[in-house]
1. With the condition being modelled with pLDDT under 85 and on the phi < 0 side of the Ramachandran plot, I'd like the helices (runs of 4 or more DSSP H) fully within the chain carrying at least 2 qualifying residues.
2. Would you check which residues across the stretch 70-84 are open to solvent by 90 Å² or more (accessible area, probe 1.4 Å) and closer than 19 Å to ALA41 by Cα and list them?
Amino acid sequence: MSAEVAKPNAKTAMGYLRISDKQQIKGESKANQRAQIDAYAKANNIHIIRWFYDEARSGKNADREELKKLLETALKMKGQIDYVIVY
């Protein structure tokens, strides 16, 4: 969860981070992805309410634990979140 307090009329979002393999970690680390999403959210008055992270998971299919949790959470929170932001 983001420690930043939402501004009035801010949209809400969940963030999703994924590293596909150890080589990707060098240039697109979890920290780098999160920083980019946070910057985008801040610039667009979006409050990140929850984060999901899959490490060493292929993007070729949806068999990713955190992605599944994100989708389940999005369905449960329908009408309460505006976006899912992915790096």
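1. Of the helices (runs of 4 or more DSSP H) lying wholly inside the chain, those with at least 2 residues that are modelled with pLDDT under 85 and on the phi < 0 side of the Ramachandran plot span 22-27.
2. GLN80, TYR83
The values are calculated or read from the model by the stated rules, or taken from the named source; none is laboratory data. Values in this document were obtained by computation on a predicted structure and should not be read as measured data. Please note that ligands, DNA and RNA were not included when accessible areas were found on the heavy atoms of the full protein model with its side chains. Shrake-Rupley method; radii C 1.70, N 1.55, O 1.52, S 1.80 Å.
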